[in-house]
Amino acid sequence: MAVNPDPKPGRWILPLVVLGMIAFTYFFIRELPEASPDTTLASGTTSTTAPGDETTTTSAPPNGGTIDPEVQAYLDELDQVNNALQLLRTEMVTVNDGFDADPREIEYGDAEARMETIETDAQALADQVAAMVVPEGFETNHQALTSAIDTAAGAAEEALDGLQSDDDGEVRQAAVVAFNTAADNFNTEVASTKAAAGVPTDS
């Protein structure tokens, strides 16, 4: 009877399997692509890169882009005054043009009442601007705003006086032009004040 030289031939199978797994793992890892040198860990800022574009970094503006509360309240009140003034300007043009139309679209009694309201409201706006609390650093801007609104109030009074007088309309027409110019100037000064405060304005 033949004698088996190795009574436990199965004991070599496990080492061969382990050796095969090691070799497979080695060659598999070598075939993996290397990590890109541009790969970075996430950070507090956001970076995006598109083909052919430079990296754009987005971060929050200083102090969150906020404005001092006192300055913001001042600008908000200026907006309120400016909006009211521009509405008065529209009313002034409507009344003046309607009174001068041929045939007349607005009769004298109606024109007088409406111009009296414009004069009263314009003076109230001028008084409001004069009583405003001006933040430090905006004194020069406020002087220009005060000048413009005072001119508008004075022009509204002159337009009413011209309507009520026996003038042929020249005084009233000049006053209406002055009122419109003052309203434009006030609007411009509001934009300048916002720019001085660092508030973006429409181009």
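The numbers here are math on the coordinates, done by the rules we state, and not lab data. Fair warning: this is a prediction, and the values are worked out from it, not measured in the lab. Note: ideal-geometry Cβ built from the backbone for every residue, glycine included; neighbour counts use all protein chains shown.
The single condition from (1) out of contact with any helix residue (DSSP H, G or I) (no Cβ under 6 Å at 6 or more places or on another chain); (2) farther than 25 Å from A195 by Cβ that A122 fails is (1). Being of a type in the set (A, V, I, L, M, F, W, C), surrounded by fewer than 21 Cβ atoms within 10 Å (Cβ to Cβ) and not in a loop (DSSP other than H, G, I, E, B) is a property that A183 lacks. Residues in segment 145-170 that are more than 10 Å from M115 (Cβ to Cβ) and either exposed (fewer than 15 other Cβ atoms within 10 Å of the Cβ) or polar (S, T, N, Q) (or both): 9 in all. For segment 110-136, the set of residues classified as in contact (Cβ under 8 Å) with a residue 40 or more places away in the chain, more than 15 Å from E91 (Cα to Cα) and either of a type in the set (V, I, T) or not in a helix (DSSP H, G or I) (or both) consists of V129, M132, V133, V134, P135, listed by residue number.
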